[in-house]
Amino acid sequence: MEFLQSILDKASKKRKTILLPESSDERVLKAAGVITKNKIASIITLGKEEKIRSKAEKLGIDLSGVRIIDQEKSDKLSDFTNIFYNLRKKKGIIIEQARETLKRDLFFAAMMVKEGMADGSVAGSLSSTADVLRAGIQCIGMPEGISIVSSFFLMVKPEKVFSFADCAVVPNPDASQLADIAISTADNHKKLTDEEPYVAMLSFSTKGSAQHEDVDKVIEATRLVKEKRADLKVDGELQFDAAVVDSVGTRKAPHSDVAGRANVLIFPNLDAGNIGYKITQRWGKAEAVGPMVQGLRKPFFDLSRGCSVEDIVNTAAICVLMG
């Protein structure tokens, strides 16, 4: 697809370093080879080098140019252990626990990203979303002003690219969290598409057409986005058709800068977001790219455990652009 190829092309010009820590997964090794061959990024993976290169050779995968770090033998393990211990000691962790935790690939990768040894990480083909996010939150943390780690999908249609959030992580965000999800998604949409974000805060109501506490949450979230980021074009509450169909937006919200033009769609809860992106993917025939984790200081991405090699390659390229 043309848009995804443009992502790959832009990533190759950035010369960034990305971690693919789950080296025991054949798909990860294949993706590492593809990314390196096409100069999309410099790749680091974690584990025992002799074992990894032997496995790659048997599979016919060229890992020349891929850096392999055995975290258990790394001279950084001690430094990372001390950093992690100081981050988590108020939670009751002891130094021995910190050291054992840092031997795990997700946590060692997260600490490498935190300390600037890599620009981002892509994992999750062998790990749960909860495990990936735990490592990212505990090691990398969130930037000032953002209260929630969330996710977004790029929904690629022939005529337009949309960003949908949150469709994978936060079940029922409050108004403040919903505002932060909108801000994160708008910024990342701009990074990946070079388009100005037009952010629609979605609801079953448009501009007072219905009264309910769920509508009130979306109205408050919209107010908070405007308060935090006056530079963003955002409006709500808007129904889906008012957000994306020009004629409907003009009729239902005639004074809105966003109605009918939205390219960033913020769903009020995970039920709506997950159902919405799957309908768009399966019936609307859109290419769903993601989910991409957002809300951390640095990119630390999660994959579906059913991901393909192509998914890993594309997600790594997006990770480059969001770094």
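As a quick test, which of the pairs K37/K191; K91/K298; K252/K285; K10/K252; K51/K90 have an alpha carbon distance above 32 angstrom in this structure? Beyond 32 Å between Cα atoms: K10/K252; K51/K90.
Grab the other residues whose beta carbon is less than 15 angstrom from that of V34, score K and R as +1, D and E as -1, and report the net. Charge balance in the 15 Å sphere: -2. Angle of helix 175-193 to the longest C-alpha principal axis of the chain, folded into 0 to 90 degrees and rounded to 10: 70°.
Within the set of other residues whose C-beta is less than 12 Å from the C-beta of K114, count the net charge using Lys and Arg as +1 and Asp and Glu as -1.
On the way: positive: K76, R297, K298; negative: D79, E115, D119.
My count for the surroundings of K114 gives 0.
Based on the Cβ-Cβ distance of A230 and R67, what FRET efficiency does E = 1/(1 + (r/R0)^6) give at R0 = 45 Å, to the nearest 0.05? According to the calculation, E is roughly 0.55. Each label point was placed 7 Å from the Cα along the Cα-to-Cβ direction; for E2 and K14 their separation is 2.3 nm.
Full extension of the chain between K39 and K157 gives 39.8 nm of extra length, using 0.36 nm per residue less the Cα-Cα distance. Taken over the range 84-157, the convex hull of the Cα atoms encloses 131 Å³ per residue.
Tell me what the chain gives for mean residue ellipticity at 222 nm when only DSSP H runs of n ≥ 4 count, each as -39,500 (n - 2.57), the sum divided by the residue total, rounded to 500 deg cm²/dmol. Mind dumping the intermediate values first?
On the way: 13 runs with 149 residues, N = 323.
My calculation for the chain gives -14000 deg cm²/dmol from helical runs alone.
Quick check: net charge around P143, other residues with Cβ under 14 Å of its Cβ, Lys/Arg +1 and Asp/Glu -1? Let's see the in-between values first.
Details: positive: K114, K228, R229, R297, K298; negative: E144, D180, D187.
For residues surrounding P143, the net value is +2.
Legend: calculated FRET efficiency, K89 to R297, from the Cβ-Cβ distance at R0 = 30 Å, rounded to 0.05, equals 0.90.
None of the figures in this text is laboratory data; all of them are computed from the coordinates on show. Model, not experiment: these values are computed from the prediction. Heads up, the Cβs are rebuilt from the backbone with ideal geometry, glycines too, and the neighbour counts pull from every protein chain shown.
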